[in-house]
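Notes follow once the structure below has been shown.
What follows draws every value from the coordinates through simple rules; no lab data is involved. This structure is a prediction, so every number in the text was calculated from the model and none was measured. Note that each Cβ is placed from the backbone with ideal geometry, even for glycine, and that neighbours are counted across all protein chains shown.
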Amino acid sequence: MPRLPRGKVGVMVIIDKEVWDEFRKLAFMKHDHFRGALSYEVEQALRNWLALHRSSAGEKNQRIPAKVNPKPKVAAAFDQVKEYLSKKFNCPITTGAQVSRSHIIEAISNTRGTDPKTISKWLSLFEKLKLIKHVSGEVYEVL
């Protein structure tokens, strides 16, 4: 292991290859291939991320909440519905997939409850928040 400068740490992370390649390319274009360009840019990106998640008062040692931007409950419920459908039909439910109304209702019943008001509520929330849209007849499209 190479000797690190004082006050620095070595970090091993696993990220998407395309993201890393794009990051490297941009860092080297920006700094014209100088030694330490990647370390400098990663450090700057982390500093920016930390600044975004601190209050405007911005104390350095401020405790950051565990869930900075929690997933809305409707989106989490929709993920459960998609997971149910994916398992039932053995194929992923992705953007653009067309699903019958009866299958969505079955998934809502199995994940959220069987009461007709509950089913109606979730179906309308999914539409209102543009997670699904009515295509025609009994067909909905996943957005």
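Taken over the range 93-143, residues that are in a helix (DSSP H, G or I) and within 21 Å of residue 72 (Cα to Cα) amount to 19. Find the residue count for the range 134-143, including only residues that are free of Cβ contacts under 8 Å to residues at least 24 places away in the same chain and surrounded by 12 or more Cβ atoms within 10 Å (Cβ to Cβ). The number of residues fulfilling the criteria is 1. Of the residues making up the range 105-133, those that are surrounded by 14 or more Cβ atoms within 10 Å (Cβ to Cβ) and closer than 14 Å to residue 143 by Cα are 123, 125, 126, 127, 131, 132.
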